[in-house]
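Structure record follows, encoded as structure tokens.
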Amino acid sequence: MEKKYLHLSEEERDLIAVLKAKGKSLKEIGEELGRNKSTISRELRRVEHEQINNALGTDSFFCNSYHSWEKGTVENLIGLIRR
């Protein structure tokens, strides 16, 4: 059986931010949106990286979900950047 990954909509992203600000847990937010709590956690980390990048004027790069073959490419790029 093939897994189908559905991206979060802008409305879902906004609702996650509102519910998190209200003190809801990842599990409660996930249940309200019909999503797994790991999806909510991943979204909150992504937003955190965006805020840090904006403050520092930098970029973050992540592998796509279910694309494990990209990890080596990203690590190699990071190594080249650090030189």
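Read-outs: derived from the displayed coordinates by stated rules, not from any lab. Small disclaimer: the values here were computed from a predicted structure and weren't measured. Note: ideal-geometry Cβ built from the backbone for every residue, glycine included; neighbour counts use all protein chains shown.
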For segment 10-82: rounded, prolate or oblate by the Cα gyration tensor [a/c cutoff 1.5]: oblate
Between T58 and K27, what is the spin-label point distance in nm, taking each point 7 Å from the Cα along the Cα→C-beta axis? 3.5
